[in-house]
Amino acid sequence: MVGIRGKTLDPAQAAFLRDHHIRAVVLFRDNLGTEEDVRALTAGLREAMGPTALIGIDQEGGAVVRTTFLPQPPAAMALGAAGDASLAHDVGAAVARGLRSIGFNWNFAPVLDVNNNPANPVIAERSFSANPEDVARLGAAWMRGALSERVACCVKHFPGHGDTRVDSHLDLPVVDKTRASLDRLELAPFRALRNEAPAMMTAHIVYPQIDPRHPATLSRAILGGVLRDEWGYDGVVITDSLEMKAIHDRYGHDRAAVLALQAGADMVMALGPLDEQVAAIDAIQRALERGDLDRQSLLRARDRLDALAARFPVDPGAYSGEAHHSDDELMRRAWARSLTALNGATPPPLDRPLRIITQRRVPGDGISEPGLSGDRVAQLFKRFQTVEVTQVDELRGLDWPIVAGDGHMTVLASNARSRYGEHSHAWRPDLHLVLWNPFQALDIAAPTIVTWGYAGGALDALQAWLEGRADAPGKAPVPIESGLA
């Protein structure tokens with residue numbers, strides 16, 4: 001699987017796909033224009049790659065969405081806060097309905113990582129819960145909904161990315177747990193869904209008590225031993241991007257591509273510049289010619305991919321205005337059901353003078369979309385009589401004594417993802433709005449509202465609560481109530 005440049009498929013890129021017999025492309029935010037643009041792009045990809053094309057995307061929900069013109073689904077942890085498997089099923093179906101209509105047949109979701117580490121820098125609200133049984137229950141419901149709308153799911157990140165302090169996009173994490181501990185937590189959701197999930201994505205993480213040398217993506221002990229031999233999994237196994245530093249900086253695209261296939265993966269995700277994609281393709285060919293890759297194993301991998309494409313063909317069709325509206329309403333109801341109040345949070349009176357502290361801008365990071373702007377945060381308080389808004393360059397660098405005091409009710413509205421750091425333990429806002437990373441609630445002892453994300457539905461629910469028009473019915477699926485951890 002490769003990536004492409006731009007929002008259109010130019011003749012050179014189409015020729016590259018045909019000449020190298022590539023049947024799979026993943027698209028990111030930079031590839032997606034208007035709905036009409038995307039339909040044209042996926043049609044061009046299918047023409048270049050043929051009827052067994054696999055066109056993938058990350059449309060998890062929350063901050064990890066690529067097609068922003070479709071109804072915006074809640075983050076997995078928002079569905080965890082709602083706790084309703086039927087709702088998760090309907091959301092998964094709605095996500096797939098929209099994606100299929102514009103030419104996608106493979107969605108890299110849902111996330112089955114059990115986020116039990118509050119310091120996790122990359123999963124957090126992308127996980128359904130800190131409880132593996134709830135992750136399995138809600139993840140299965142979401143997946144079944146999506147499969148019912150004829151879009152393949154790819155559960156991730158096997159064997160589990162929930163208990164890391166390192167982002168594998170930046171470095172190589174290590175999870176040093178016994179197999180028994182992994183079985184109870186990280187592995188449990190994947191094992192529960194192994195007979196239903198059509199595909200699994202691997203994690204670039206070392207689990208030294210299973211394989212001390214190789215990250216899971218390149219580990220025969222994990223992919224071949226645990227997943228294939230022990231569990232009997234016969235769905236598609238695809239790597240996460242080999243461009244991520246956890247792999248690329250240590251192995252390179254070419255060597256990693258061969259190692260992943262030797263380990264038991266069916267498809268490698270070789271993104272990056274064209275020369276690195278070519279290097280991966282050439283390395284696979286040379287390894288096959290030398291006998292370093294087993295031809296029969298690769299034929300079985302091809303059969304699995306053919307079966308996935310046959311079961312979930314690219315089948316774009318109409319997405320009526322009525323269906324779009326209905327799915328959008330569903331997403332907004334789901335966001336509203338997830339809104340969660342902690343530590344006795346109550347809405348401020350509309351006539352109370354407020355000071356709002358927020359971050360001016362929050363850029364995207366290649367995984368998540370850009371965060372909410374400070375100006376958009378300010379709009380949440382338009383019905384309040386007296387509002388002073390302080391926008392800072394970075395919330396982590398906030399000097400609390402400068403912004404607090406003078407009789408205003410101080411509202412800290414966090415629109416950034418990073419935890420604040422230990423210096424924030426002395427901050428004392430009257431109300432803490434956590435609009436992205438729920439674990440920020442642990443940094444400050446204050447009445448807190450958690451939205452689990454910043455899509456339109458989440459913001460509408462929050463604004464209704466602030467104005468006293470709605471309640472916050474959600475229950476936190478991770479332990480964030482106590483504060484200061």
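Just how far, in whole angstrom, is the stretch 416-485 from the stretch 92-149 if you go by their alpha carbon centroids?
Between the Cα centres of the stretch 92-149 and the stretch 416-485 lies a distance of 22 Å.
If you count, for each residue, the other Cβ atoms within 10 Å and average over each peptide, how do 285-294, 139-148 line up from highest to lowest?
Descending packing order for the listed peptides: 139-148, 285-294.
Treat each spin label as a single point 7 Å out from the Cα along the C-beta direction, and report the His20 to Asp234 distance in nm.
3.1 nm
Any chance you could check the Cα centroid distance between the stretch 1-69 and the stretch 209-233 for me, in angstrom?
Distance between centres, Cα-based: 30 Å.
Quick one: if the Förster radius is 30 Å, what FRET efficiency do Asp282 and Lys245 give, using the C-beta to C-beta distance and rounding to 0.05?
Result of the calculation: an efficiency of 0.85.
How big is the charge dipole of the chain about its Cα centre, in debye rounded to the nearest 20, if each Lys and Arg gets +1 on its Cβ and each Asp and Glu gets -1 on its Cβ?
The calculation lands at about 420 debye.
Any idea how far apart Asp460 and Arg352 come out in nm if each label point goes 7 Å out from Cα toward Cβ?
The two pseudo-label positions are separated by 2.6 nm.
Taking the Cα atoms only, what angle lies between the long axis of helix 245-263 and the longest principal axis of the chain, rounded to 10 degrees?
40 degrees
Treating only the Cβ of Lys, Arg, Asp and Glu as charged (+1, +1, -1, -1), what charge dipole size does the stretch 210-276 show about its Cα centre? Round to the nearest 20 debye.
That gives a dipole near 220 debye.
Students often check this: by mean Cβ neighbours within 10 Å, which of 212-220, 260-268, 11-19, 368-376 ranks highest, and how do the rest follow?
Final packing ranking: 260-268, 212-220, 368-376, 11-19.
What do you reckon, how do Lys156, Lys245 stack up by accessible area (1.4 Å probe), largest on top?
Order by accessible area, largest first: Lys245, Lys156.
Stretched out fully, how many nm does the piece from Asp393 to Arg361 gain, at 0.36 nm a residue minus the Cα gap?
10.8 nm
Please state the relative contact order of the chain as a whole percent: Cα pairs under 8 Å, 6+ residues apart?
Relative contact order, the chain: 15 percent.
Once you have the Cα-Cα distance between Ala426 and Ala43, take 0.36 nm times their residue separation minus that, and quote the gain in nm to one decimal.
The span from Ala426 to Ala43 would gain 132.4 nm if fully extended.
In terms of Cα to Cα distance under 16 Å, which aspartates and glutamates are near enough to Lys177, apart from those fewer than 8 places away along the same chain?
Candidates past the 8-residue exclusion: Asp113, Asp163, Glu186, Asp211.
Per 0.36 nm of contour for each residue apart, how much would the distance between Ala323 and Asp292 grow if the chain were fully extended, relative to their Cα-Cα spacing?
Gain on extension, Ala323 to Asp292, equals 6.1 nm.
Please state the charge dipole magnitude for the stretch 90-172, taken about the Cα centre, from unit charges on C-beta atoms (+1 on K and R, -1 on D and E), reported in debye and rounded to the nearest 20.
For this selection, approximately 380 debye.
Where does each of 467-474, 65-72 land if you order them by average Cβ count within 10 Å, highest first?
65-72, 467-474
When you take every Cα atom in the stretch 349-485, what is the radius of gyration, and what is Dmax, the widest Cα pair distance, in Å?
Values for the stretch 349-485 (Cα only, Rg and Dmax): 14.0, 41 Å.
The values are calculated or read from the model by the stated rules, or taken from the named source; none is laboratory data. Bear in mind the structure is a predicted one, so any value in this text is a computation, not a measurement. All Cβ positions, even for glycine, are placed from backbone atoms using ideal geometry, and neighbour counts span all protein chains on display. What goes into the accessible areas is simple: the full protein's heavy atoms, side chains included, and nothing from ligands, DNA or RNA. Shrake-Rupley method; radii C 1.70, N 1.55, O 1.52, S 1.80 Å.
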